């Protein structure tokens, strides 16, 4: 049976600009991080783990799409993603809320910055036609499989 919500989300991602896709990824990471916290509070460790892994996979996809040769901003983003991943893994392993809360705080700050970029017309980071979403494997922290890539950003290259 066709899930209308999934069809809507797919249309939303496919129709978004490159920067818009990145915004959607940040929103998804924050949503799964918040779900991790909610499941921890309910003491459902299996669901908390699944939500944390989903959040980590999204951050890995964002990190994997960086072009580190683009300059210091890309390198700084890479460092932030590394910090966020460490905090998410720590929160998941220890089953504690604080590390995940720290990670979500960083992701919210980055989301605000990307939302501002997405709102700018004629930004160098916003393509006139969205880049198609490619399925790629990034070194996911605790799960194997494929993820939806964030596209390339920070000067349009690949990591």
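The values are calculated or read from the model by the stated rules, or taken from the named source; none is laboratory data. Because the structure is a prediction, the values reported are computed rather than measured. Cβ atoms come from the backbone with ideal geometry, glycine included; neighbour counts cover every protein chain shown.
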- Note on the structure: Among 56, 21, the single one that is modelled with pLDDT under 95, surrounded by 19 or more Cβ atoms within 10 Å (Cβ to Cβ) and part of a helix (DSSP H, G or I) is 21
- Task: Kindly indicate the residue of region 91-106 that is surrounded by 15 or more Cβ atoms within 10 Å (Cβ to Cβ) and over 12 Å from residue 36 (Cβ atoms) and also farthest from the chain's Cα centre (by Cα) among those meeting that condition.
- Result: 102
- Of (1) surrounded by fewer than 18 Cβ atoms within 10 Å (Cβ to Cβ); (2) at pLDDT below 75; (3) more than 14 Å from the chain's Cα centre (by Cα), residue 154 satisfies every one except (1)
- Does region 63-71 contain at least one residue that is at pLDDT 95 or above and part of a helix (DSSP H, G or I)? yes
